[in-house]
Amino acid sequence: MTFPSDGVYNIRNVGRNLMLDLTSDSTAEGNQIQGYAKNGTVAQQWVIKKQNEPGSVNKTVSIQSNNNGNNGNGCFATAKQDSDEPVVYTRQAFIVDLVARADNTFTISYTLGNKNLVLSLPSGSRSAVKLENHVKGTSHQHWEFTRVSNLQPIG
């Protein structure tokens with residue numbers, strides 16, 4: 001299984017065929033992260049950076065918005081770790097585990113808190129990304145990473 005390396009990616013929900021998208025391309029604190037049809041905008045580009053999380057058997061990364069092309073200027077988070085909790089934009093740093101599946105997709109869970117909660121796109125149309133309890137074989141909890149570009153040097 002090839003894990004995403006540091007770079008800029010589109011992240012597609014396999015079950016809904018929608019992209020992880022920053023609503024209205026807004027970096028306002030608390031802006032909703034949504035599933036949206038592929039449109040090629042920066043709102044659908046996410047910076048992946050490897051993190052070293054001791055003891056994790058999975059690939060631990062940060063996922064940040066590529067808005068303004070500055071190699072990540074915010075992450076996604078939830079107000080609390082609970083099922084059906086909406087995922088929003090924040091400037092705080094959070095790291096997540098990518099859990100590999102045999103079909104080259106991943107589930108995404110936070111490294112701290114309830115490991116059974118994963119990112120999901122429960123609705124089939126433009127809708128909120130939420131945390132849900134992991135259910136094996138549920139394709140709307142599976143995500144595919146497609147590399148867009150390398151990270152740009154800062155400075």
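The values are calculated or read from the model by the stated rules, or taken from the named source; none is laboratory data. Nothing here was measured: the structure is a model prediction, and the numbers come from that model. Methodologically, a virtual Cβ is constructed for each residue, glycine included, from the backbone with ideal geometry; neighbour enumeration extends over all protein chains shown. With ligands, DNA and RNA removed, areas are computed over all heavy atoms of the protein, side chains included. Shrake-Rupley method; radii C 1.70, N 1.55, O 1.52, S 1.80 Å.
A few comments on the model shown:
- Single match in Val8, Val99 (criterion: more than 24 Å from Gln152 (Cα to Cα), hydrophobic (A, V, I, L, M, F, W, C), assigned to a strand (DSSP E or B) and modelled with pLDDT of 85 or more): Val99
- Considered as a group, the residues in segment 103-155 that are hydrophobic (A, V, I, L, M, F, W, C), open to solvent by 20 Å² or more (accessible area, probe 1.4 Å) and over 20 Å from Lys59 (Cβ atoms) include one that is modelled with the lowest pLDDT, and that residue is Ile154.
- Residue among Phe76, Phe94 that is open to solvent by 10 Å² or more (accessible area, probe 1.4 Å), more than 20 Å from Lys136 (Cα to Cα) and at pLDDT below 85: Phe94
This table checks each residue for (1) surrounded by fewer than 15 Cβ atoms within 10 Å (Cβ to Cβ); (2) more than 17 Å from Ala128 (Cα to Cα); (3) among the acidic types (Asp, Glu); (4) at pLDDT below 80.
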position: Met1; (1), (2), (3), (4): yes, yes, no, yes
position: Pro4; (1), (2), (3), (4): no, yes, no, yes
position: Ser24; (1), (2), (3), (4): yes, no, no, no
position: Gln34; (1), (2), (3), (4): no, no, no, no
position: Ala37; (1), (2), (3), (4): yes, no, no, no
position: Lys59; (1), (2), (3), (4): no, yes, no, yes
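- Filtering segment 6-22 to residues that are open to solvent by less than 60 Å² (accessible area, probe 1.4 Å) and not polar (S, T, N, Q) leaves Gly7, Val8, Tyr9, Ile11, Arg12, Val14, Gly15, Leu18, Met19, Leu20, Asp21, Leu22.
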